[in-house]
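The values are calculated or read from the model by the stated rules, or taken from the named source; none is laboratory data. Computed from a predicted structure; not experimentally measured. As a convention, Cβ positions derive from the backbone with ideal geometry for all residues, glycine included, and neighbour counts pool all protein chains shown. Keep in mind that these areas ignore ligands, DNA and RNA; they rest on the heavy atoms of the full protein, side chains included. Shrake-Rupley method; radii C 1.70, N 1.55, O 1.52, S 1.80 Å.
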Amino acid sequence: MDARTGGSSAYPLTNHSTARALVTMIDNPLDALPPAVFKEPVVFTRQMGNLKVYLSDPTLIHETLVKNADKLTKGDQVRRMLGPALGEGLLTADGQHWKWQRQSVASAFRHDKLLDLLPAMITAAEETKDRWLRQAGTPLDIGHEMMRTTFDIIVQTMLSGGHGIDVARVEKSISDYLDPSGWTFALSTIGAPDWVPFPGRSKARAAVTFLRSSLAAVIAARRRSGEENHDLVSMLLSASDPETGRTMTDDEIVDNLMTFITAGHETTALGLAWTFHLLALHPAEEEKVMEEIGRVTGGEPVRPDHVAKLTYLKQVFSEAMRLFPPAPIITRTATNAFTLDRYLIPAGTVFFIPIYAVHHRAELWPEPERFDPTRFDPEPARARHRYAYMPFGAGPRVCIGNAFALMEAVAVLAVLLQTYRLTDRGTAPPKPVMKVTLRPRPPLIMRLDRRAAQG
Ligand code: HEM
């Protein structure tokens, strides 16, 4: 027992073979989770002498991510995986540098501002709908299709347009960057130095160079034109730290544009792709959704005021994110010691919050593998612990785009489902594989058919 904190350092360590876990982690960090995280509230392991704590219990997650947020940083894992691409942007920064960036952009995500963005979301979905007219009857990669749609949405809403950014190359570059992320996850877990090479590293570096230089060109063009678009770029150009009065350098603005573009489209796209897959497997649910869309829109094209009324569709998307959370594991490192439950958590401890495991725990979710959107009916949702469901994280670092994503997802689903029926054409059930985000392997190939006109 530690006299200062009252916590014990006698952790019930779970034996977790480092060598085997590392090999698995390179391919899919989800498979390398200690199996106990699906049953136990907390799992302690020691890897290479360092204490690692896996939290699957909502109360302990609340204690850690919310109540002790000031004693945590994003840590080495996040810095190594995302730092080369996102620098010290909002997602990766810590302390005061994080705080002033969050304050600078917070107003862009207020509810009234988001409502102004809904027409652009619907337009992008309609463009996808029109593009698909030529593809009816053919198989398509729904993940790839959704990346295009959500990419259009993020650049329209946050950058006032694509500025000639090559979407296909951006998508490829993001994949090239994320592909070897299992290696960075594994190497930082064993504390290997940054210079250790791994397969895919030079491709990933080339991808980052392309992505960052495309965005630097957007900023340079904006500075030259002096245009005032009231978008994220303008906000970042005019932001100033209340403590120091300094403004952001171009490099810092690139960090944030990279952050918003990647965090803001890839996650939602995957949530949407998994939703289409689940609806194809559950025709009765699809029918309920179609009934709702028909009732709310009266068979007219989807309008901004319809979106908030599509409550069951939102539940369907929420349930898809329970089964397949787009950000399946988040990590933190303790900068100061604190007591959690009855344990002393020393500074340097690495926390893993396996959101995927929390969402699949039978104690929290009866029949956890069953797709059941009624879990998000108001009553069961109220009765559940708030942190039993956390696709957007928790505490001060909760996703800033959370309401944006929900609005966007419902709008895109409604527009596309109204016209098309998607059926699963994959030959094998897709496996969720973590490449920072949760991707299907093999990709979700679906067949597209036009629905008979709805009355
Ligand atoms: C379904 C879609 C989305 C999911 C599942 C998701 C998930 C998450 C999660 C779990 C975090 C917290 C990470 C952590 O605690 O380490 C996060 C943070 C963040 N997300 Fe999202 N996100 C989504 C959509 C978006 C969108 C649309 C945007 C922007 C328009 C966005 C921008 C961000 C940013 C900037 C952060 C960092 C916030 C901070 O640290 O202050 N996300 N997201």
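With only Cα atoms counted, segment 191-327 has Rg and Dmax values of 21.4, 60 Å.
In units of the compact-protein estimate 2.2 N^0.38 Å, segment 327-452 shows a Cα radius of gyration of 1.35. Amide H contacts of residue 338: 345, each under 5 Å away and 5 or more positions distant or on a separate chain (H built 1.01 Å from N in the peptide plane; Pro and chain starts excluded). Sorting 152, 116 by solvent-accessible area of protein heavy atoms yields 116, 152, largest first, with a 1.4 Å probe.
Within segment 172-225, the ratio Rg/Rh, alpha carbon atoms throughout and Rh by Kirkwood, equals 1.16. In the chain, the sites counted are GluC sites (Glu not before Pro) in DSSP loop states with at most 14 other Cβ atoms within 10 Å, and the longest stretch holding none of them, exclusive of the sites, is 1-226. Across segment 292-302, coupling constants 3J(HN,Hα) worked out from phi with the 6.51/-1.76/1.60 Karplus curve, θ = phi - 60°, read 5, 4, x, 5, 6, 8, x, x, 7, x, 5 Hz, and Gly and Pro carry x.
One way to sum up the overall shape of segment 259-365 is the equivalent ellipsoid from its Cα gyration tensor, whose semi-axes run 38, 16, 12 Å, largest first. Applying the Karplus relation 6.51 cos²θ - 1.76 cosθ + 1.60 with θ = phi - 60° to segment 209-216 yields 3J(HN,Hα) values of 4, 5, 4, 5, 6, 4, 6, 4 Hz, where x marks Gly and Pro. Segment 329-358 and segment 189-212 have Cα centres separated by 26 Å.
Percentage of Cα-Cα pair distances in the chain greater than 33 Å, rounded to whole percent? List each step's numbers first, then the result.
Values: 37856 of 103285 pairs.
Every Cα pair in the chain considered, those over 33 Å come to 37 percent.
What the Cα atoms of segment 44-116 give is an Rg and a Dmax of 15.8, 51 Å. Note on the chain: with neighbouring protein chains present and a 1.4 Å probe, carbon and sulfur make up 55 percent of its accessible heavy-atom surface. The distance from the alpha carbon centre of segment 71-100 to that of segment 389-455 is 27 Å, rounded to a whole number.
When Rg and the Kirkwood Rh are both derived from Cα coordinates, the Rg/Rh ratio for segment 24-72 amounts to 1.02.
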